[in-house]
Amino acid sequence: MLRLQNLVKHYELGDSGPVKAVDGISLTLSAGELVALYGPSGSGKSTLLALIAGLLKADDGAILLDGEDLTASSEEQAARRRLRQIGFVSQQADLLPGAKVIEQAALKLWLSDPKGAERRVKPLLRRLGLGDRLKQRCDTLSLGERQRLMIALALSTDPQLVLADEPTGSLDSVRSTEVLQLLSEVCRERSVAMLLATHDPEAAQWADRVLQLRDGKLSAYEPAAAPRRPPLRALGGQA
């Protein structure tokens, strides 16, 4: 599914020398697998996800999705890939001015299925606890609700790869558990490959594998005492 080969991205910061945000990373991610990238802020997690999504250009190395090297893609090709193949959940909620929740969530589906776009995304919004917000303006939502809305948008087109950058960063513990449960279920139900960047050890426990990213390098993650996974609960309760 996804293979990273010696991926490199460095930034020059004047006289202080280069910042090695991604420093020779190799990684393989299979369909139906949820892998967590655990590390503190500034460890290179967001840069790595942006490289895979085509939002940044790598200095060296290869990004292979189903055998295709994405590093050779143009910006237009990368944008088309994010529209269908790759679901990207960023830390910034880029909302359409004046749009309603249902309109924002169905945004990517409008191009391929304009008549069925809103119908198709409604069940996903309900699973994310936004079932009673469908006609509400996006700019009136809380930070946590906006974050869940952007997750719905990323998942709306049934992508084969999901890149989630701190998807529970603005959520309380209850909503965080619900969202992580949903992401875990999406991996199994749809055979989606998912790379989840987080600095929360409780979020990392939902992954099939956890890798630690620090100073641009990957290593095995072996917590001294791994927290227990919360009990599963029915999704779709309202905020």
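Please list 1-7, 134-140 highest first by mean number of surrounding beta-carbon atoms within 10 Å per residue. Don't skip to the answer; put the middle values down first.
Values: 1-7: 18.4, 134-140: 14.0.
The peptides rank, most packed first, as 1-7, 134-140.
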Cα to Cα, under 19 Å, and not fewer than 8 places away if on the same chain: which aspartates and glutamates meet these conditions relative to LYS100?
ASP113, GLU118, ASP132, ASP139, GLU145
Unit charges at the beta carbon, dipole of the chain: most positive-side option, GLY17, GLY54, LEU125
LEU125
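Calculate for the chain the 222 nm mean residue ellipticity that helices alone would give, adding -39,500 (n - 2.57) per DSSP H run of length 4 or more and normalising by residue count, nearest 500 deg cm²/dmol. List each step's numbers first, then the result.
Numbers: 7 runs with 70 residues, N = 239.
Roughly -8500 deg cm²/dmol at 222 nm, from the helical runs in the chain.
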Please give the helix 143-155 orientation as an angle from the longest Cα principal axis of the chain, in degrees from 0 to 90, rounded to the nearest 10.
80 degrees
Just list whichever of LYS57/LYS217; LYS45/LYS122; LYS57/LYS108; LYS115/LYS135 have alpha carbons separated by over 27 Å in the model shown.
LYS45/LYS122
Sorted by mean Cβ packing within 10 Å, highest first, what order do the peptides 30-36, 92-98, 118-124 take?
30-36, 118-124, 92-98
With Cα atoms, 0 to 90° folded angle of helix 173-190 axis to the chain main axis
80 degrees
By how many degrees, 0 to 90 and rounded to 10, does the Cα axis of helix 117-127 deviate from the longest principal axis of the chain?
80 degrees
So if we plug the beta-carbon distance of ARG80 and SER26 into 1/(1 + (r/R0)^6) with R0 = 35 Å, what FRET efficiency do we get, rounded to 0.05?
0.85
State, to one decimal in nm, how far the label point of THR71 lies from the label point of GLN92, with both points 7 Å from Cα in the Cβ direction.
2.6 nm
Among 45-51, 211-217, the order from most to least packed when residues are scored by Cβ within 10 Å on average:
45-51, 211-217
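Read-outs: derived from the displayed coordinates by stated rules, not from any lab. This one's a predicted model, so the numbers in the text were calculated from it and none came from an experiment. So basically every Cβ, Gly included, is an ideal-geometry build from the backbone, and we count neighbours across all protein chains shown.
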